[in-house]
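Down below is the structure, laid out as structure tokens.
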Amino acid sequence: MTDYDALLWLSFGGPEGPDDVIPFLQNVTRGRGIPVERLAEVGEHYQHFGGVSPINAQNRALIAAIETELAERGIDLPVYFGNRNWHPLLADTLQEIAADGHRRVLVAVSSAYASYSGCRQYRENLAAAVDEAQVGEQLTLDKVRHYFDHPGFVEPMIDSVVAAIEALPAVDADTRLVFTTHSIPVAAAAASGPPGWYDAEEGGAYVAQHRAVAQVIVDGVETRLGRPFAWDLVYQSRSGPPHIPWLEPDICDHLDVCAEQGVSGVVMIPVGFISDHMEVIWDLDTEAADHARAIGLPCTRAATVGVAPAFVAGLVDLVVERLADTPPRLRPALTRFGPSYDACPVGCCPNPRGEKPALCTAPGEVARPWA
């Protein structure tokens with residue numbers, strides 16, 4: 001057994017009151033020179049919900065469920081919560097972990113895929129927070145693997161898609177499954193993943209992983225309902241300057257195309273997210289749902305995995321495989337890529353603004369995880 005003595009749940013963070021919104025957005029965009037006026041425009045999305053993002057409450061609920069699952073399995077592993085953009089801030093949490101006497105920490109991140117913003121940036125945040133908290137001589141931190149194709153993520157997604165299909169007014173051969181994820185710059189998508197592991201022309205690891213797991217989910221839905229479904233992968237929540245190409249099509253633009261094609265109904269599936277946070281409740285449940293109603297397109301939205309028991313159990317399975325040092329051949333993964341790596345190879349998901357120190361990086365070349 002590997003001697004981890006604490007588990008850190010690491011997430012993005014979000015405001016928990018109207019006065020938090022602008023400071024939170026300043027943390028998110030620090031170093032990018034975005035004027036406060038523009039941040040105030042984005043902040044209106046949060047003010048629509050009382051200035052509160054649901055993400056922190058959702059993370060606390062998930063942590064409580066993980067603690068219960070660990071206890072039921074007889075695993076004595078305290079769980080801590082840290083964010084990169086809002087309280088509880090990561091450096092403060094690392095200081096707490098060290099003060100409590102822990103030394104070897106396993107980190108789980110609320111992002112299931114490979115990309116700069118979804119993986120390497122978190123590893124950079126860990127390196128910066130260790131320095132800020134001055135705990136580099138006390139703590140060793142490792143990260144669980146990407147879990148986009150773990151059964152604990154896939155199976156609840158199949159359940160939620162089936163429920164959303166059944167909520168449509170009618171289901172026929174023209175019903176479309178539309179998977180959504182956060183748009184990122186095209187260049188960042190092409191560079192995502194370890195160098196040479198994925199075909200950049202297909203969008204790098206980020207797009208390849210989303211498309212692979214979407215197909216697995218569709219296969220499960222078709223088996224469950226006994227009929228085929230057409231599906232697409234689209235993007236949402238773009239936040240970059242207009243002159244920089246980002247992944248397309250946008251969800252609302254795609255809904256227009258579906259309506260023009262005579263699609264009888266659409267199920268939006270936020271496969272890129274693990275909980276119903278702001279990108280889901282605003283960009284999908286508000287903007288996209290309003291747009292679908294405006295163009296007369298029947299539309300439902302599949303639930304994210306949230307605190308589904310299978311997802312919680314799957315996260316604990318990821319912890320257990322590290323505690324037990326389970327060999328890769330015995331680790332479950334449902335796409336052709338197989339179980340992902342425990343430590344990201346050098347050069348994986350590079351920072352588009354220049355190299356920064358990052359933790360949880362492999363010391364040298366690492367074989368392909370599916371080899």
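Only the coordinates and a few stated rules stand behind these numbers; no lab work does. All values derive from a computational prediction rather than experimental measurement. Because the Cβ atoms are built from the backbone with ideal geometry, glycine has one as well, and the counts that use them run over all protein chains shown.
Below is a table of values for the structure above.
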| quantity | calculated |
| --- | --- |
| FRET efficiency estimate (nearest 0.05) - Cβ-Cβ, LEU168 to ALA71, R0 25 angstrom | 0.05 |
| Cβ-based charge dipole, the chain, positive-most Cα from HIS254, THR361, ILE75 | THR361 |
| Electrostatic dipole magnitude of the chain [Cβ: Lys, Arg +1; Asp, Glu -1; Cα centre; debye, to 20] | 700 |
| Calculated FRET efficiency for the pair ALA61/ASP253, C-beta based, R₀ 45 Å, to 0.05 | 0.85 |
| Extended-chain gain in nm, criterion 0.36 nm per residue less alpha-carbon gap, SER239 and GLN26 | 75.3 nm |
| Diffusion coefficient, µm² s⁻¹, Stokes-Einstein with Kirkwood Rh over alpha-carbon pairs of region 151-301 at 20 °C and 1.002 mPa s | 135 |
| Full-extension gain in nm, SER264 to ARG293, via 0.36 nm per residue minus C-alpha separation | 9.1 nm |
| Computed FRET value (nearest 0.05) for ALA99 with THR326, which takes r as the C-beta separation and R₀ as 35 Å | 0.65 |
| Whole-Å semi-axes of the ellipsoid equivalent to the chain (Cα gyration tensor, √5λ, descending) | 32, 25, 21 |
| Positive-end residue, region 173-297 charge dipole about Cα centroid, Cβ charges, pick of GLY296, THR223, VAL178 | THR223 |
| Alpha-carbon centroid distance for the pair region 29-50 / region 121-194, whole angstrom | 24 |
| Two-site label geometry, ASN351 and ASP131: point separation in nm, points 7 Å out along Cα→Cβ | 0.8 |
| Residue order, fewest to most surrounding Cβ atoms within 10 angstrom, among TYR341, TYR235 | TYR341, TYR235 |
